[in-house]
1. Test ASP93 against the criterion of being surrounded by 23 or more Cβ atoms within 10 Å (Cβ to Cβ), out of contact with any Leu (no Cβ under 6 Å at 6 or more places or on another chain) and more than 25 Å from PRO45 (Cα to Cα), and give yes or no.
2. Which of the following residues is out of contact with any strand residue (DSSP E or B) (no Cβ under 7 Å at 6 or more places or on another chain) and either part of a loop (DSSP other than H, G, I, E, B) or not small (Gly, Ala, Ser) (or both): VAL264, VAL282, VAL227?
3. Going by the conditions given, is LEU80 over 15 Å from ASN279 (Cβ atoms), touching a helix residue (DSSP H, G or I) at 6+ places or on another chain (Cβ under 6 Å) and of a type in the set (A, V, I, L, M)?
4. Just to be sure, is ASP121 among the acidic types (Asp, Glu), touching a residue at least 60 places away in the same chain (Cβ under 8 Å) and open to solvent by less than 40 Å² (accessible area, probe 1.4 Å)?
5. With respect to PRO102, is the statement that it is in a loop (DSSP other than H, G, I, E, B) and either in contact with a Lys or Arg (Cβ under 7 Å, 6 or more places away or on another chain) or free of Cβ contacts under 8 Å to residues at least 24 places away in the same chain (or both) true?
6. So which residues in region 230-261 are part of a loop (DSSP other than H, G, I, E, B), hydrophobic (A, V, I, L, M, F, W, C) and closer than 15 Å to ALA3 by Cα?
7. Among the residues of region 124-141, how many are part of a helix (DSSP H, G or I), in contact with a Gly (Cβ under 9 Å, 6 or more places away or on another chain), open to solvent by 10 Å² or more (accessible area, probe 1.4 Å) and not polar (S, T, N, Q)?
8. From the list LYS69, LYS56, which residue is basic (Lys, Arg), out of contact with any Pro (no Cβ under 9 Å at 6 or more places or on another chain), open to solvent by 60 Å² or more (accessible area, probe 1.4 Å) and in a helix (DSSP H, G or I)?
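The values are calculated or read from the model by the stated rules, or taken from the named source; none is laboratory data. Just so it is clear, the model here is predicted, and its values are computed rather than measured. Neighbour counts run over all protein chains shown; Cβ positions are idealised from the backbone, glycine included. The accessibility values were calculated without ligands, DNA or RNA, using every heavy atom of the protein model including side chains. Shrake-Rupley method; radii C 1.70, N 1.55, O 1.52, S 1.80 Å.
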Amino acid sequence: MTARLIDGKAAAATLRARVAGVVHRFLAATSRAPGLAVVLVGEDPASSVYVRAKGKATIEAGMQSFEHKLPADTSEADLLALVDQLNADPAVDGILVQLPLPAQIDANKVITRIDPDKDVDGFHPTNAGRLAIGLPGFVACTPLGCLKLLRAELGDLSGKSAVVIGRSNIVGKPMALLLLGDSATVTVAHSRTKDLASVVRQADIVVAAVGRPEMVKGDWLKPGAIVIDVGINRVDGPEPGKTRLVGDVEFASAAQVAGAITPVPGGVGPMTIACLIRNTLVSAARREGFVLENDL
């Protein structure tokens, strides 16, 4: 393997430790800890794992964790009423409603009901608009984590050619805007892009977030490119009945060409949770008028 491994676990641990240090000072100054409310509707196994990890990270950072687990048949009206209650709760600085939601609930209605200033997931249309025009707001945690990994790897992104594969509201679109904000030259590609491989081959930075297992091959890459693999796909393993996790990039072939690459798991995932904790602290600081001395 020629590519350097971008260690998302180590980067996330560093960010979480920095946040915990600031939380300690915040608590001393305000006599309260920042609070994150996480709402889980139903028993989706992957969502349950994420919620446990988020709760653990919140508590480890010295914050308050408020978990609300609702049955799968919860009505949309009841969930919206809970969001209203959390919006009004002064102990809650961040609200995260875990997606996906059951079929009877319109996720867009729920997301837009969250107070934009408590929307630490960065999904509210107000925060999406703030990002688009360069105003302060909350940025979705996965693309924010990707940006932090890229800055740590490359320093200045100005003038770099970047291709984002994927155009979702959660990753692809905000990722492109963040890269533009750092003065990269950005192309947004997707599953219908003509000759996708040749588009990707022009890029100094490749962010793969298309949701297709191992779609991006090593021979698609420019030698020395920095590859951030957002994908997390469960596929059949070598043993019958066993599965394994892979990204949207074929790791073995990409690692022979890339300059640096994130593994799956252990790359982007830990940074997503660390950025959620970071966003919750930022929300609490804004609400209390507490000055953050440096950019987290």
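1. Numbers: surrounded by 23 or more Cβ atoms within 10 Å (Cβ to Cβ): yes; out of contact with any Leu (no Cβ under 6 Å at 6 or more places or on another chain): yes; more than 25 Å from PRO45 (Cα to Cα): yes.
So ASP93 passes the test.
2. Values: VAL264 fails: out of contact with any strand residue (DSSP E or B) (no Cβ under 7 Å at 6 or more places or on another chain); VAL227 fails: out of contact with any strand residue (DSSP E or B) (no Cβ under 7 Å at 6 or more places or on another chain).
The match here is VAL282.
3. Working: over 15 Å from ASN279 (Cβ atoms): yes; touching a helix residue (DSSP H, G or I) at 6+ places or on another chain (Cβ under 6 Å): yes; of a type in the set (A, V, I, L, M): yes.
Taking the combined requirement at face value, the residue satisfies it.
4. Details: among the acidic types (Asp, Glu): yes; touching a residue at least 60 places away in the same chain (Cβ under 8 Å): yes; open to solvent by less than 40 Å² (accessible area, probe 1.4 Å): yes.
Spelling it out, ASP121 is indeed among the acidic types (Asp, Glu), touching a residue at least 60 places away in the same chain (Cβ under 8 Å) and open to solvent by less than 40 Å² (accessible area, probe 1.4 Å).
5. Numbers: in a loop (DSSP other than H, G, I, E, B): yes; either in contact with a Lys or Arg (Cβ under 7 Å, 6 or more places away or on another chain) or free of Cβ contacts under 8 Å to residues at least 24 places away in the same chain (or both): no.
No, not satisfied.
6. Of all residues in region 230-261, those part of a loop (DSSP other than H, G, I, E, B) come to 230-232, 237-242, 247-248, 250, 255-259.
Still in the list and also hydrophobic (A, V, I, L, M, F, W, C): 230, 232, 255, 257-258.
Answer for region 230-261, where residues must be part of a loop (DSSP other than H, G, I, E, B), hydrophobic (A, V, I, L, M, F, W, C) and closer than 15 Å to ALA3 by Cα: ALA255, VAL257, ALA258.
7. Our first condition is that a residue be part of a helix (DSSP H, G or I); within region 124-141, this holds for 125-133, 141.
Now restrict to residues that are in contact with a Gly (Cβ under 9 Å, 6 or more places away or on another chain): 126-131, 141.
With open to solvent by 10 Å² or more (accessible area, probe 1.4 Å) added as a condition, the list becomes 126, 128-131.
With not polar (S, T, N, Q) added as a condition, the list becomes 128-131.
Adding up the residues that qualify gives 4.
8. Working: LYS69 fails: in a helix (DSSP H, G or I).
So the residue among LYS69, LYS56 that is basic (Lys, Arg), out of contact with any Pro (no Cβ under 9 Å at 6 or more places or on another chain), open to solvent by 60 Å² or more (accessible area, probe 1.4 Å) and in a helix (DSSP H, G or I) is LYS56.
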